[in-house]
Amino acid sequence: MLEKIDLLGGLPGKSFLLVQVACDLYLSTVTANLVDKGIIGKNLPYIWQTGGKMLLVSALGLLAAFGNIYFASHQAMQVGQRLRAMLFAKVLTLSDEESAALASPL
C-alpha cells in the first residue's frame with residue numbers, strides 16, 4: 001500500500017533547499033574574506049562591497065528558504081492526503097467482525 005506514495009516528487013523543494021544551504025555555507029567564506037582583507041587590511045571600500053555581497057547572498061538564501069517551505073508543505077499535504085485516502089479505503093473493506101474487534105467498549 002505504501003509503495004503508492006511518491007517520495008521523490010519534491011524535486012523543486014529539494015532544489016530550493018540546495019540553494020539555501022549553498023548560500024548559508026558561502027556566507028562564512030565571505031565573512032572570513034571580509035575580516036582578512038577588509039578589516040585587517042583596513043580597506044573600507046572592500047568592506048562596503050563585501051557587505052553588499054553578503055546582503056545579496058542572504059536575500060537569495062531567504063527567497064530559497066521561502067520556496068523550500070512552500071514546496072515541502074505542499075508535498076507533506078499530498079502525502080497526508082494519500083495516506084488518509086488509503087486508510088479510508090482499507091476501513092471500508094473491513095468486515096463486521098473486524099470492525100467490531102476495533103470498536104471501543106462502552
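The values are calculated or read from the model by the stated rules, or taken from the named source; none is laboratory data. For clarity, every value in this text was computed on a predicted model and none was experimentally measured. Note that each Cβ is placed from the backbone with ideal geometry, even for glycine, and that neighbours are counted across all protein chains shown. The area values use the complete protein model at the heavy-atom level, side chains included, leaving out ligands, DNA and RNA. Shrake-Rupley method; radii C 1.70, N 1.55, O 1.52, S 1.80 Å.
Inside the range 20-52, can you point out the residues that are small (Gly, Ala, Ser), more than 25 Å from Ile69 (Cα to Cα) and out of contact with any helix residue (DSSP H, G or I) (no Cβ under 8 Å at 6 or more places or on another chain)?
Ala32, Gly41, Gly52
Scan the range 25-32 and give yes if some residue there is aromatic (Phe, Trp, Tyr), open to solvent by 80 Å² or more (accessible area, probe 1.4 Å), modelled with pLDDT of 95 or more and in a helix (DSSP H, G or I), otherwise no.
yes
When the range 63-101 is examined, which residues are found to be under 12 Å from the mean Cα position of the chain (by Cα) and open to solvent by less than 100 Å² (accessible area, probe 1.4 Å)?
Ala64, Ala65, Gly67, Asn68, Phe71, Ala72, Ser73, His74, Gln75, Ala76
Looking at (1) open to solvent by 90 Å² or more (accessible area, probe 1.4 Å); (2) modelled with pLDDT of 90 or more, which one does Leu106 not meet, given that it meets all the others?
Here Leu106 clears every test but (2).
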